[in-house]
Each structure stands twice: as C-alpha cells, then as structure tokens.
Amino acid sequence: MAPQRSTGTGAEAELPEYAGQYCLESCLGSGGMGVVHLARSDSGLKLAVKVVHAEFARDREFRGRFRQEVAAARRVSGAFTAPVVDADPNAERPWMATLFIPGPTLSDHVKRNGPMPPAQLRRLMAGLAEALRDIHRVGVVHRDLKPSNVLLAEDGPKVIDFGISRPKDSELRTETGKLIGTPPFMAPEQFRRPREVGPAADIFALGSVLVHAATGRGPFDSDSPYVVAYQVVHDEPDLTGVPESLAPLLLRCLAKEPEDRPTPDELMRELRSVAASYDTQAFIPAQRTGDDTPPPRSAAAEPAPAPEAEPVPRSRSGKHVALAAGVLAVVLGGVLTGLLWPGDDGAPVARSTGVPAGTAAVASWQAKPMGKGSGMPQCAYGGGKLLCVRAGVAFALDPADGALLWRRPVAGERTSGAPVLADGLLLVPVDGGRRVAALDPAS
C-alpha cells in the first residue's frame, strides 16, 4: 500500500495517515523529536510507530542519529524492551514501528498513584537492572533512562526510546559544548565529559529513576536545569522518603565516579539479599477479635509476606537515621513484660499480673490502650518510653508500670503502621502511609 500523507499547511503539514504500509490510528504521545502513533499491521498486530517531526526530517545529522536509534533498538530487542517490527530511516518522514506494549509509563503511574511501596520498588529495580544488563551486553548505552522511558507492562518494566543511545562502535560523537539528555536523570560525566559516557551512566540514571518512583521527585530537584546540573555534579543526592532497605544501594548507583557504581549483575545480586532479609523481618500481626479463625491454607501455599517497611527520612549529606526496634523485639527481648489489652478510651490502668517464681526481675503490668475500636496498638521503644499509636491517637507509657505519660490525637483519616523514632522525632504514618505526622516523643 502506497504511503498517504495529509496535505495541510500546519507545523507538521501535518501528521501522515500512513508510515510505510501502516495506517496510523491515533496519537499515543509527542516528544521533542517525533510523534508516536498507534497502528496495526496487516495481521492486526498492535504497533507503536514513531514518526520524526518534519523539521528534523530535513536535518542530515538528525537522520544519522535516527538511523543509529533504529540500529540500537534492533540490537537490544528482547524481553526488556519494545521489539522493532519495521522501520524506514530513509523515508521522507523517517519512522520506526515497535510492538505496542500496553501499560502506563512510570512517570504517568507515579503522577496518578503516588510513590511506589517498597516491594514494587524492588521489582522495578530488578527489572531495570536486567534490562540494562541486556542493553549493555550488545554494546549499547541508553543515555536517557528516565520515568517517561520506562513502560510498566504486566510482565515487568520495559525500557524504550533509544533516540540518544550510542553503540560503542558508532562513528557519531557528541559535539563539543552540546549536552544530550534529561538533566535530572543525567550522570555527572554527561555534563563533564559527554564524549566519554559509558554504561555506568545508565546505572546513575537507574538510581535517579528509583528515587523518583519512591518519592515522586528526583534526588536532585530544582525548577532550573542549570541548578540541577550543578547538584548532579557537586551535591549529595536527597534520599528523603526512600525505603531504608534500598537507600544504601541507591547511594552506590548515584556515586559521582562511574567506577564506584555497581554493574547490573551486582545490583541483581544485592537485591536478592535485600529481598531475603525482608522476608525474615519481624512484624506485628493484626489482632483477631471474637471467634475469628485464620482462613484454611493448603500445604503448598506460600507463607504470608511481612508488611513493607515505611520510608525513612534521609538528609542530603547521605547519612541516614536508624529505625527504632519494633515492639515485638522489645517484648520478646525481655525489656517489657507488660501486656496491652484492647479497651475503651481512658487512662490506662496499671495492675500487677503476677510473675512466676524465679522470673521477677521485671515487674509486669496491664494497661488499657488509648483510642476507640479494637486491635492492638503498634509501639516502639525509645527515650525511656513505650511510644504507641492506635485508632488515630498517639500515646506514651512508662515501661516500668504502664502509667500514661501523654496522649495526643493524630490528624488524618487513620494511623497506618507502627511509629518510627528518627532524628529525635516520633513519626506516625497516617492516611494509608501517604503522609507522616511528626511528634515530640517527650510530650
């Protein structure tokens, strides 16, 4: 079928109806270099067809770069990218057709749903590490890994858009004084030595992408690209809100020098150890009430996973604060032998429960927790106090006798997790973990 083009006089003059033999059905998105359309092959296969803007189609250097993009995309076509189906870099309007992958970009997902929980972050990081491993194995450096170039497919993330990627054997080189990339996700060497950019730059970008997925912003954040460029080269990344388990690994990815960053294989090995440690962490189970019994489970069923840890504040210096031990560690470790019983609002009542002979090293007590409703309070020990939250109320008890030291309502729909002691503050997750209330643990 011969190509058909519209004959208008607009900026694109304008969008063609066909790219090669493929009828362009609708626009999926537009970028600085081209427009991506939904199309179908003769057999009905859904395709994403990138058509170069008319102004760039007349630029010889750009055509050379587009040919390079097509070649790079063909070299890396596989499980972690969008496979190339067809292309014509020599057409009047150069185009490339790849398999259409349903799913939002990471950028759109974070805008719509907010930061990802830790389990999703680990899967995303592992998927991107696998993708970069395959991309680098064929000698390609992506150079523009960012949230809008990551598709979240059902079977894992896919890396797309190799528009500024560069094979190691490419004869094209970045011109002196010309920066190519997206500043918040560029590595320091892309600003300092753009002609020497290698695979480690993609690892730096992976770290920035994961911080964005975890917090909704990048590790170097400013409205000015010049300020961002300075921060990338000179400042330490801001990892505030990044989960404790992933922060050390992301700091390594964001190292200023390329040789200090891990390889994709090293990332995957370390992620496996992170996942293993997560599975063995203690957690406070939900309290069952009445005659509830756990649902039946087959012998082959997997054990229920532990809840994810809440994000922990971090400073731009890269130093991080330690989490206080959970109440299970406090109780099981013998520091406290008191029991908190569900009850109505009111001051806790401390009373002796009796201690078996030979175990009277610590006095035991009982107390009614604050807050309405049922369920066990979730607590942390610190500063000589047992600091608890339950049903929208935070309160502190004296671990010696269970006496109430203070109580305070916590703003928000509901508390949603154990409190955390960090930097001298009691941090209480509220509204499903979307916000954090900060209290003075002394009062």
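The values are calculated or read from the model by the stated rules, or taken from the named source; none is laboratory data. Keep in mind that what you see is a predicted model, and the values were worked out from it rather than measured. Every residue, glycine among them, receives a Cβ derived from its backbone with ideal geometry; neighbour counts consider all protein chains shown.
When the stretch 72-117 is examined, which residues are found to be small (Gly, Ala, Ser) and under 28 Å from the mean Cα position of the chain (by Cα)? Show your work before the answer.
Just the residues of the stretch 72-117 that are small (Gly, Ala, Ser), to begin with: 72-73, 77-79, 82, 87, 91, 97, 103, 107, 114.
Within the stretch 72-117, Ala72, Ala73, Ser77, Gly78, Ala79, Ala82, Gly103, Ser107, Gly114 qualify.
Looking at the stretch 174-190, is at least one residue modelled with pLDDT of 90 or more, of a type in the set (Val, Ile, Thr) and closer than 28 Å to Arg112 by Cβ?
No: the stretch 174-190 contains no residue that is modelled with pLDDT of 90 or more, of a type in the set (Val, Ile, Thr) and closer than 28 Å to Arg112 by Cβ.
Please determine, by comparing only the residues of the stretch 213-257 that are within 16 Å of Ala200 (Cβ to Cβ), charged (D, E, K, R) and surrounded by 15 or more Cβ atoms within 10 Å (Cβ to Cβ), which one is farthest from the chain's Cα centre (by Cα).
Lys256
Pick from Ala126, Ala87, Ala91, Ala57: which is touching a residue at least 60 places away in the same chain (Cβ under 8 Å) and not assigned by TED's automatic domain parsing to the domain that holds Gly139?
On the way: Ala126 fails: not assigned by TED's automatic domain parsing to the domain that holds Gly139; Ala87 fails: touching a residue at least 60 places away in the same chain (Cβ under 8 Å); Ala57 fails: touching a residue at least 60 places away in the same chain (Cβ under 8 Å).
None of the others qualify; the one that does is Ala91.
Name the single residue that is farthest from Val110 (Cα to Cα) among those in the stretch 180-214 being among the polar types (S, T, N, Q) and in a helix (DSSP H, G or I). Lay out the reasoning, then the answer.
Just the residues of the stretch 180-214 that are among the polar types (S, T, N, Q), to begin with: 182, 190, 208.
Okay, now just the ones that are also in a helix (DSSP H, G or I), so 190, 208.
Details: Gln190: 26, Ser208: 14 Å.
The qualifying residue farthest from Val110 (Cα to Cα) is Gln190.
Assess whether Arg93 counts as being surrounded by fewer than 15 Cβ atoms within 10 Å (Cβ to Cβ), modelled with pLDDT of 90 or more and out of contact with any Leu (no Cβ under 9 Å at 6 or more places or on another chain).
Values: surrounded by fewer than 15 Cβ atoms within 10 Å (Cβ to Cβ): no; modelled with pLDDT of 90 or more: yes; out of contact with any Leu (no Cβ under 9 Å at 6 or more places or on another chain): yes.
Criteria not met by Arg93.
Kindly establish whether Val228 is in contact with a Leu (Cβ under 9 Å, 6 or more places away or on another chain) and either modelled with pLDDT under 95 or in a helix (DSSP H, G or I) (or both). Even if it seems obvious, please write down each step before you answer.
Details: in contact with a Leu (Cβ under 9 Å, 6 or more places away or on another chain): no; either modelled with pLDDT under 95 or in a helix (DSSP H, G or I) (or both): yes.
Criteria not met by Val228.
Which of the residues that make up the stretch 208-267 are polar (S, T, N, Q) and over 27 Å from Val428 (Cβ atoms)?
Just the residues of the stretch 208-267 that are polar (S, T, N, Q), to begin with: 208, 215, 222, 224, 231, 240, 245, 263.
Ser208, Ser222, Ser224, Gln231, Thr263 - these are the residues of the stretch 208-267 that are polar (S, T, N, Q) and over 27 Å from Val428 (Cβ atoms).
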